[in-house]
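The values are calculated or read from the model by the stated rules, or taken from the named source; none is laboratory data. The model shown is predicted, which means the values in this text are computed figures rather than measured ones. Neighbour counts are summed over all protein chains in view; Cβ atoms, including those assigned to glycine, are modelled from backbone coordinates with ideal geometry. Ligands, DNA and RNA are stripped out before the accessible areas are found, and what is left, the full protein with its side chains, is counted by its heavy atoms. Shrake-Rupley method; radii C 1.70, N 1.55, O 1.52, S 1.80 Å.
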Amino acid sequence: MTEAPAGSLDAADRPVGVFDSGLGGLTVARAIFRRMPREALLYFGDTARVPYGSKSPDAVRHFSREAVHYLYSQGVKAVVVACNTATAHALHVLRAEAPVPVVGVVAAGARAAAAATRSRRVGIIGTAGTIDSGAYDLALRHLVGGEAVKVYAQPCPLFVPLVEEGLGDHPAAALIAAEYLQPLKEMAVDVLVLGCTHYPILAPLIAEVMGPEVILVDSAEEAAAELESVLAAHGLQSWRVESPTHRFTVSDLPIRFGSIGSRFFGDSMGRVEQVHVEGCLSEGPALW
Ligand code: DGL
């Protein structure tokens, strides 16, 4: 193991902020935690205003700005926008205002899809907001080169409530998945991007419907890998020896989040705090 660079400990030991509209970003937090177990996480789930997937781009941008300004006010060293809808609508604005590096989930997922496809026929599934934004389509065309890639996008709005209700194994989920995914099967995609934070929970079902020849891309894993490179490039990797303490915060009552969230995070989450992010834009971040 290499030594910690002298003088970098203060900034490097600050937490990584992870933001989602609700629970789903915990799949991204889990991927970060597994890849970088020394990093402390400050998670914010905007449970009072979820879902973002059916809201207008302006509303999602406004909510996202408040959320990340809250994270800045808590002294995070980097932010992961662990929500595909927020990344699709707001990443450019968040980056333009950010005092720290900001990683989204769309470019990371698109890069992995571009690397994995052989037939250049790629499927994307996500919320209506993510699909309507065309963000994955744009990112893939940019990476693979215009007309060389065929992108088939399919909104799957019922997947989020199925996951949140713990019904991923219910026969209804299999019926809905078959209905949503049939057009992508007909288009013979060889890669399918799980372009929503909740979908990794349904990955076994989606894989079964799509068949073994289709590669599933989990944008959570790809975003964690991108965060690792970004922290290294900025000299912000944590060198702590002891296990970090994570904080989980939400904008509505924390009870349900704590009980369902551990299924997403894959580990016990401890206490979940309720915080208020409205007004964070006008207060300004503490550490700028
Ligand atoms: N987190 C959202 C996403 O990845 C899904 C849930 C929502 O609609 O807010 O797009």
Which residue, Leu42, Leu231, Leu23, has the most motion in a Gaussian network model of the chain that connects Cα atoms within less than 10 Å? Leu231
Using the Cα centre of the chain as origin and beta-carbon charges of +1 (Lys, Arg) and -1 (Asp, Glu), tell me which of Val106, Val60, Tyr199 is placed farthest towards the positive end of the dipole. Val106
Normalised by the residues of the chain, what does the relative contact order come to in percent, with Cα pairs under 8 Å and at least six apart? 28
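At 1.4 Å probe radius, can you tell me the per residue accessible area of region 1-96 in Å²? Spell out each step's value before the answer.
Details: 3320 Å² over 96 residues.
Using a 1.4 Å probe on heavy atoms only, each residue of region 1-96 averages 35 Å².
With a ≥ b ≥ c the root eigenvalues of the C-alpha gyration tensor of region 158-274, is it rounded (a/c under 1.5), prolate (a/b larger than b/c) or oblate? Mind showing how you got there, number by number?
Values: a/c = 2.99, a/b = 1.41, b/c = 2.12.
The shape class here is oblate.
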Glu147 versus Asp169: modelled label distance in nm, points set 7 Å from Cα along the beta carbon direction: 4.9
Return the loop-located GluC sites (Glu not before Pro) in region 230-283 (DSSP other than H, G, I, E, B) with at most 13 other Cβ atoms within 10 Å of their own Cβ; answer none if there are none. Glu242, Glu278
quick shape note, region 1-110: Cα extents on principal axes in Å, largest first -> 47, 27, 26
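Could you state the accessible area per residue of region 199-240 in Å², with a 1.4 Å probe and every protein chain left in place?
Working: 1770 Å² over 42 residues.
Each residue of region 199-240 exposes 42 Å² on average to a 1.4 Å probe.
Fully extended, how many nm does the chain gain between Met187 and Glu273 (0.36 nm per residue separation, minus their Cα-Cα distance)? Intermediate results must be reported in sequence, preceding the final value.
Numbers: separation 86, 0.36 × 86 = 30.96 nm, distance 4.50 nm.
Value of the extension gain: 26.5 nm.
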Over the chain, volume per residue of the alpha carbon convex hull, in Å³: 129
As I understand it, the value is the acute angle between the Cα axis of helix 57-73 and the longest principal axis of the Cα atoms of the chain; what does it come to in degrees, rounded to 10? 30
Rounded to the nearest percent, how much of the accessible area of the chain (1.4 Å probe, protein heavy atoms only) is carbon and sulfur? 55
Along the Cα-to-C-beta direction of His92, a point sits 7 Å from the Cα; which residues of region 52-71 have their amide N less than 15 Å from that point? 57-58, 61-62
Using Cα pairs under 8 angstrom and six or more residues apart, how large is the relative contact order of region 37-147, in percent? 27
